[in-house]
Amino acid sequence: MTLEQQKWDRIYRDRGADASQAAEVLKHNRHLLPQSGMSMDLACGLGANSLLLAESGLHVRCWDISPVAIDQLSRLAAEQGLPISAEVVDVEQQPPPAQSLDVLVVTYFLSRALVPALIAALKPGGVLFYQTYCRDKVAGQGPSNPDYLLKDNELLTLFAGLKIRVYREESLLGEHNEGWRDRAMLVAEKPR
């Protein structure tokens, strides 16, 4: 077991399944999901996004490096009878196959080197839902290492080949106690 797996296993063991909620990018834009198809929750953690995708009628593959997270998610999916296939996969070593997904959800995971493979994994017309932390923060949420934080408007640059359908990043503008801070969200469609 790698140090990375041990770290995430410890986090998910301590957090517990009840702490998991679907990401805002998916909850607020659920109406943009197709009615059927193959979806993936990449670096899924405890799988709240996976559950929402399955409840929306999609077949769901979810990958995470943590066996603890995958075990918890597999049990929950089986209890609820949801079409979720959960696997322990190091997504940086094994990206999803090209043109295999109608929907791809990535939240609180950033690997810039993986972006071309993520775009390639979408079928024409496929939709990407992405949300993660930014460098320009109001509060101390998220990682401190800048390698895992988005630069200003970086999601727009990383996924420039896709059709942007939703984008939100408030940065340090305006009243810091209001709004949606410290994160960026993107919903984008792969051209047909």
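Coordinate-derived values only; no laboratory data. Model, not experiment: these values are computed from the prediction. Counting neighbours? That spans all protein chains shown, and the Cβs are built from the backbone with ideal geometry, glycine included.
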(message) Using C-alpha positions alone, give me the convex hull volume of segment 104-169 per residue in cubic angstrom.
(response) 82
(message) Based on alpha-carbon centroids, what's the gap between segment 1-45 and segment 152-176 in Å, whole number please?
(response) 21
(request) Can you tell me the relative contact order of the chain? Whole percent, Cα pairs under 8 Å, sequence separation 6 or more. (result) 18
(request) Report, in deg cm²/dmol and to the nearest 500, the calculated mean residue ellipticity at 222 nm for the chain, where each DSSP H run with n ≥ 4 adds -39500 (n - 2.57) and the sum is divided by the residue count. (result) -7500 deg cm²/dmol
(request) Compute the Rg to Rh ratio over the chain from the alpha carbon atoms, using the Kirkwood formula for Rh, and round to two decimal places. (result) 0.94
(message) List the trypsin sites (Lys or Arg not before Pro) within segment 143-175 that DSSP assigns to loop and that have no more than 14 neighbouring Cβ atoms inside 10 Å.
(response) Lys151
(request) May I have the extent of the alpha carbons of segment 24-130 along their three principal axes, as whole Å values ordered from largest to smallest? (result) 35, 30, 23
